[in-house]
Amino acid sequence: MSAATTRSRTPDRLCAEAVDLARAAAEEAAAPGVVGEHTGLATEADRVVTHFFECEELGYRGWRWAVTVARASRAKIVTLDEVVLLPGPDALLAPEWVPWSERLRPGDMGPGDLLPTDAEDLRLEPGFSGEEEPAPNAAVSHDMAELVEAEDADVTAGVPANLPFAPARGSIAAVAEELGMRRARVLSRYGLHTAADRWEETYGPKSAMAQAAPASCVSCGFLTPIGGSLGQAFGVCANEFSPADGRVVSLAYGCGGHSEAAVMPKPPRPAPPVIDETKVDHFPLRPSPDSGSVSVAAADEDSAELGHS
């Protein structure tokens, strides 16, 4: 350990004894009667010491006044550096500031609220634009790929009914499997209509949230499409901050968490005040004699004794 480090940890004698100077500086900077007892000192550097005083002001529990004093080399006069109010080890502090985008939690959004989506939001990616779609007759198009695959199909002996197992593709059973029809019972048209009415009543265009939304779900990037006939009118919301997260929503539904609500609307600015500078308003410096509750003429000795004006 060097000699300079040893000296810096040892408080300067004159700076350490300048408690009265530090208290006077703290009382000058603070309100009257809020500087408490001297609680200690700390060595900042050679001939630089900070004195701590309790803060007795309401609302600053555990805070302390820190007064830093210093002395020049070979000088006997201690001077004042700065006076600040600092939190102590047990000080009552405000919670750490958190940006609004991190404070928001699912369910906090109400009707009329807008949640701007960051341009680099990891939950969204560019959609299909059609610019890179190959021509229908191109060799890399989807239609040509299916045609080539169909022409290269395996040749089987006999009709499919005589085969020991159902073909993986092309049979009625395979198509029914893909369509989800190989269940004992499926939803009827009446069941579809009642479910659609129930979902549209909760998350439809007539709800308060949809009425105040900037756009509908049909153009939102958080909408996940569903299959079947219901997919023509409904989808699943995948925005965790939306009140409909994980719910089946109508395509005409909407909320403030729309993926394209990137710009917050500016609040309306009030009109500037109109001041008539051509007219002069007279304001008397003293009230008139008859401005009281009792007139001067009606005042007598009895009312004067009772304190009436």
### Task
Beta carbons within 10 angstrom, averaged per residue: use that to sort the peptides 50-57, 85-92, 72-79, highest first.
50-57, 85-92, 72-79
### Net charge contributed by nearby residues that have their C-beta within less than 10 Å of residue 250 (K/R +1, D/E -1)
-1
### Task
Positive end of the charge dipole of region 13-87 (Lys, Arg +1 and Asp, Glu -1 on Cβ, about the Cα centre): tell me which of 42, 53, 83 has its Cα farthest that way.
42
### Summary
Any residue on another chain or 5+ positions along whose placed amide H is under 5 Å from the amide H of residue 47 is listed here as 12
### Task
Mind listing the long-range amide H neighbours of residue 251? Cut-off is under 5 Å, sequence gap 5 or more, other chains count too, H placed in the peptide plane at 1.01 Å from N.
234, 235
### Task
Highest first, please rank the peptides 217-223, 42-48, 193-199 by the mean number of other Cβ atoms sitting within 10 Å of their residues.
217-223, 42-48, 193-199
#### Entry: Computed magnitude of the charge dipole of region 13-87 (debye, nearest 20; Cβ of K, R +1, Cβ of D, E -1)
360
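Read the figures in this text as sums done on the coordinates, not as results from a lab. If you're wondering where the values come from, they're calculated on a predicted model, not measured in any experiment. Counting neighbours? That spans all protein chains shown, and the Cβs are built from the backbone with ideal geometry, glycine included.
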